[in-house]
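The values are calculated or read from the model by the stated rules, or taken from the named source; none is laboratory data. None of the values given here were measured: they were computed from a predicted structure. Here the Cβ positions follow ideal geometry from the backbone for every residue, glycine too, while neighbour counts run over all protein chains shown. Accessible surface areas use protein heavy atoms only, side chains included; no ligands, DNA or RNA. Shrake-Rupley method; radii C 1.70, N 1.55, O 1.52, S 1.80 Å.
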Amino acid sequence: MPYTAYSTDDFLADESFQSFVIDHDPAATQFWRAWAAEHPGKQAEFDEAVALLQLLATGQLQTLPQSLKQAETAKLWQAMHAVPEPKAQPALRVGQRARRWAGAALGALALGFAGVGLWQRATSPPTLAWTSYATKAGERRKLTLPDGSRVTLNANSVLKLATTWQPGHAREVWLTGEAFFRVQHTALVQLTAVATAPANVKFTVHAGPLDVAVLGTQFDVLNRPGRTKVVLQSGQVQLRHVRAGRPETLLLKPGELAEFRPAATAAPLAKRPVDAALYAAWTSGNLDFADTPAAAVFALLEDTYGLHITLRNPALRQQKLSGSVPSQDLDVLLATLAKSLDTNVHRTGNHVRFD
């Protein structure tokens, strides 16, 4: 069956669609995002299938419309108990994963979730060749992507992308770690609003729970365990994540930092103003200060290195710092700061105390 004829049930039953929503498989993600952008008439069924799969996969209790729950329950029951009629086409094949998800759907329905139908195997998207770039501890690497965009990859980081970017398709990369991006604008006209721009001119960084979409701009993305942050230097950034099966977006202006906080259930995605230049200084191997308030430096260390900093003398926050400090070695960096502030520093894991 062609994808353009898919209903919500067909999307739910497609194994490559499951890989896109549940497993975040890069190849499936690239295919389905591009397909959805090219077929806006199927957006309603597409979004409904995404929401149902995410609710089931995350196990979050969510109140859904009663009509939807009843319809999905009936379809699941019929699919699980119907006697197949002889057909000229090959019979549906239900693999172990499909059976596991069908069983999980029955349990989810008992808890008030939306159920999903019997899974069937459909045509998978074409196999793509992938390229990965990785750095070791203390290593930085500069890359030029197929569209001319430039990336500086920080230590202990991995960037993955399709080896060949297809003309007319969105540009996408997957990041674990930290990278600074200088994205090439590819639109024929100088578009500035990311939200209303065509999908085929966007550049998207998939960073854990966040999708970071831009047109042509400079920004830093940090995606480490427990921390996902974006700092914008110029242009505009649109952040997107899915919460309880529903997409939420946030726009950044230059000089703003956005942080994804999973524990903050009310507003997991929040932003605040920062000195964006400080957050890009690591690309040169040094942090450069010019009458920079120590408070801004402490915030940078907490954001970038995941530290928790305490001060015995709160007045330290008001001091100004000037000069250049190497950023590759955290202990050297902390010792240099302590000397500049005429104080002592003690570090235990991620806890740092300035006396």
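Remarks
- Qualifying position, being open to solvent by less than 80 Å² (accessible area, probe 1.4 Å), without any contact (Cβ under 8 Å) to a residue 12 or more places away in the chain and in contact with a helix residue (DSSP H, G or I) (Cβ under 6 Å, 6 or more places away or on another chain), among 332, 325, 345: 345
- Among the criteria (1) under 20 Å from residue 282 (Cα atoms); (2) open to solvent by less than 70 Å² (accessible area, probe 1.4 Å); (3) assigned to a helix (DSSP H, G or I), the one residue 316 does not fulfil is (1).
- Residue check for residue 302: charged (D, E, K, R) and not assigned by TED's automatic domain parsing to the domain that holds residue 203: yes
- Counting only strands (runs of 3 or more DSSP E) that sit completely within segment 153-211, those holding 3 or more residues that are open to solvent by less than 10 Å² (accessible area, probe 1.4 Å) and closer than 18 Å to residue 235 by Cα correspond to 171-182.
- Selection within segment 223-239 - surrounded by fewer than 17 Cβ atoms within 10 Å (Cβ to Cβ) and within 9 Å of residue 210 (Cα to Cα): none
- Residue 287, sole failed condition from (1) in contact with a helix residue (DSSP H, G or I) (Cβ under 6 Å, 6 or more places away or on another chain); (2) surrounded by fewer than 17 Cβ atoms within 10 Å (Cβ to Cβ): (2)
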